[in-house]
Amino acid sequence: MSALNIKLEAFEGPLDLLLHLIEKNKVDIYDIPIADITDQYIEYIENMRDGLMDVMSDFLVMAATLLRIKSAMLLPKQEDEQDGEEDPRLELTNRLIEYKMYKYAAGELKELQADAAGRVFRKEMLPEEVAQYKEPIDPKEVLGDTTLELLNRLFNDMIKRNANKIDPIRSGFGKITKEEVDFSDKVRKIQEYGIKHKKCSFKRLINNPGSKVEIIVTFLGILELIKMGRVTIVQEKIFDDIEVEFHADDIVAVEQYS
């Protein structure tokens, strides 16, 4: 049994053995001398001992294929068949070329694996102050189940309501003037409202605040307070009004947006 293992150890299968014989004899893989290769192949498998029939069967099937091709090559050909008949070795040649490609790729991968095994990567090292840093406010805890999509939908709804109250004809009369809204002052007023009421609906907080610009500034001011952790918004069910809860009893100054 050990002799069989030693013999098979060099070849992974019948194609591997055939490729070895072709390279050993230094013959062209596209013009294989079937007679010589077949004799050498059969001589090799005859030296194998009986046993491991599941392995031997593959070698015997290839031996039968080689004998069939050898017989086809030895049979005389008629003149009308010489031009159009396919070379009996073509199928075997294609299989050998494909196997050689896979064998070469496997060898390359094995070399890459061996090269990677010799590399050692340094462990991740972060400064202590960076590793211990935590976000001062967790956005998930502040927003809860509320998403930016819902906030945007509510904002657009307020804009649409405000636009419906404007007379489309008379609103065009008069002078067009630039309206400026102080962001810091608006945030301060929102905080004053929050200190007094503690909790209110989002719609009530921005209901009829004035112009479109003032609506936008009010909306941005609420988002800034959420970011600072001084306000939490809660929505019980989808499409319900959003409840705004104020956490601080003092007023913090916010820089004016440029």
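The values are calculated or read from the model by the stated rules, or taken from the named source; none is laboratory data. Everything numeric here is computed off the predicted structure, so don't read it as measured data. We place every Cβ from the backbone using ideal geometry, glycine too, and count neighbours over all the protein chains shown.
Say whether the condition of being surrounded by 10 or more Cβ atoms within 10 Å (Cβ to Cβ), of a type in the set (D, E), at pLDDT 80 or above and part of a helix (DSSP H, G or I) is met by at least one residue in segment 139-157.
yes
Can you list residue pairs whose Cβ atoms sit under 6 Å apart, with the first residue in segment 222-235 being under 17 Å from D250 (Cβ atoms) and the second being among the small types (G, A, S) and not in a helix (DSSP H, G or I)? Count only pairs 6 or more apart in sequence or on different chains.
R230/A248
Scan (1) exposed (fewer than 15 other Cβ atoms within 10 Å of the Cβ); (2) within 10 Å of Q191 (Cβ to Cβ); (3) of a type in the set (A, V, I, L, M, F, W, C) for the single condition F246 breaks and write down its number.
(1)
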